[in-house]
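The values are calculated or read from the model by the stated rules, or taken from the named source; none is laboratory data. Bear in mind that the values here come from a model prediction, so they are computed numbers and not experimental data. Positions of Cβ are generated from backbone atoms using ideal geometry, with glycine treated the same way; all protein chains shown enter the neighbour counts. When the accessible area is computed, the model is the full protein with side chains, heavy atoms only, and any ligands, DNA or RNA have been set aside. Shrake-Rupley method; radii C 1.70, N 1.55, O 1.52, S 1.80 Å.
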Amino acid sequence: MQWLLDRFATAADRDAFVHEGERSTYGEVLARIEGFGRVLDQQGVKAGDKVAVLADYAPGVVCLILALALKGAIVIPLSRQAVVEEGAALAISGCDWFVEFDVCGRAATFRERKIAAEHALIAELVAAGRPGLILFSSGSSGTPKAILHDFERIADKFRVQRAATRAIPFLMIDHFGGVNTVLAITSSLGTVVTVADRGVSSVCEAIAREHVELLPATPSFLTLMLASGLTRRLNLTSLKRITYGTEVMPQSTLSRLQAAFPGVELQQTYGLSEVGVLRSQSRPDGSLWVRVGGEGFETEVREGILWIRSKYAMLGYLNAPPKFDAGGWFNTQDQVETDGEWIRILGRVSDIINVGGQKVYPAEVEDVILALDNIHDVAVVGEPHPMLGQIVVAKVSLQAPEDEGELKRRIRAACRASLAAYKAPAKVIVTDEAFHTARQKKIRRA
């Protein structure tokens, strides 16, 4: 990965990070990477050692991770809002060293932490002299899986330099999309603008204060951002592009985004921790149709399910059988519609609600409800039913109090007017509970 450091050296005076108001140049980043290299030598960290790093985005955190990759170590990034409990994660991956940064991301504490776990895939990677990256799935469809990547292979995707931009790394550091975002920004010699938390206020204020040009976010976050009113009260005109992914985008949210940010490019992205992030192009008609692929990726649709073959795919799971077929294709478990080379993502197979043998995609019901007045947010789930198998349940939060009987009547009427009758919610529950994980993804639990 020396090519990345050589690129940093060409822009030594340019801002690489803005973290809590402090700016770090690429020259300072290079010096910190070199400094961490010396620290790793002093601590006795060797190529092939497994090093867990507990932190959020900060210049020093990224510098340490790059220093570990240059050392040939296996990096295990962990966040304080991790999808899997720390002890359970390290029991799967194994560990040699544990590094914890303070909440400001400035001070790091190194300690030896030996947890034995032998994996043939890691042994092969170490024997090849390559650095590794271990990430954990969210476990939405079962036990979280430990995903092993060749770190150099991930970084190689960014050898071709793109236009520099100022961006917020919205997805967390233990998420493939978060790692991908930071590599994309820094390899293009752009500026990473960190936020203290991923709440709507913090993100919008950072955009206005630091003139952020790119916001990569989830549809759930963008729905909340629009509902907050901050898009009208703050100056967010620096934004040039908003990208969205990790879950299905409601058309109603996308249409409101187009109205709130005229002239801003709205781009649907697509990727999985197992195969990487594909290049994407949203159809210019304002719809949810998207074309995905790019150098190193192949796609095909089998019986309505998207399959991907990737040059940047994981080496495998550490605690589960591989999910690639004999030809190297990965089943994404995403149901899609096709229109020539364009696809429209309907939802994960695991999220489908089965009502008397009829399929209901939660996102299509949520889309109708989100378009109604006084709806702050909604999550649609399936609930077991002795006769039908499942029924559709809509959990809603409101912008202002409303008679529940009238609310339920108009929600059901709107759904029956736009959807098949069996897709209309059999139950409507008004609640103040959070509908989102720390990663700002929709929680769909009965």
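Tabulated results
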read-out: Structure-based [θ]222 nm, the chain - -39500 (n - 2.57) summed over DSSP H runs of at least 4, per residue, nearest 500; value: -8500 deg cm²/dmol
read-out: Relative contact order computed over segment 223-365 (Cα-Cα under 8 Å; 6+ residues apart), in percent; value: 17
read-out: Heavy atoms of Leu40: accessible area, 1.4 Å probe, square angstrom to 10; value: 0
read-out: The chain, relative contact order [Cα under 8 Å, separation at least 6], %; value: 10
read-out: Contour minus Cα-Cα distance for Asp339 and Asp403 (0.36 nm per residue); value: 18.8 nm
read-out: Rounded to 5, the percent of DSSP beta bridges in segment 109-247 classed as antiparallel; value: 40
read-out: Rg and Dmax of segment 273-358, Cα atoms only, in Å; value: 14.2, 43
read-out: Euclidean distance between Cα centres, segment 254-313 to segment 185-202, Å; value: 22
read-out: Mean accessible surface per residue for segment 135-280, computed with a 1.4 Å probe while every protein chain stays in place, in Å²; value: 34
read-out: His211 accessible area, assembled protein chains, probe 1.4 Å, Å²; value: 120
read-out: The chain: antiparallel DSSP beta bridges as a percent of all, rounded to 5; value: 65
read-out: Reach of Lys71 by Cα under 22 Å, taken over lysines that are not fewer than 8 positions away in the same chain; value: Lys46, Lys50, Lys114, Lys157
read-out: Exposure ranking of Glu383, Glu34 by accessible area [1.4 Å probe, largest first]; value: Glu34, Glu383
read-out: Segment 312-445, accessible area per residue, ligands and nucleic acids excluded (1.4 Å, Å²); value: 48
read-out: Mean Kyte hydropathy of -1.0 or more with a Cα span along the axis of at least 27 Å, helices from DSSP in the chain; value: none
read-out: Accessible-area composition of segment 260-404, carbon plus sulfur, in percent [1.4 Å probe]; value: 49
read-out: Relative contact order for segment 336-419, counting Cα pairs under 8 Å that sit 6 or more residues apart, in percent; value: 24
read-out: Inter-label distance for Gln81 and Gln2, nm, one decimal - labels placed 7 Å from Cα along Cα-to-Cβ; value: 4.0
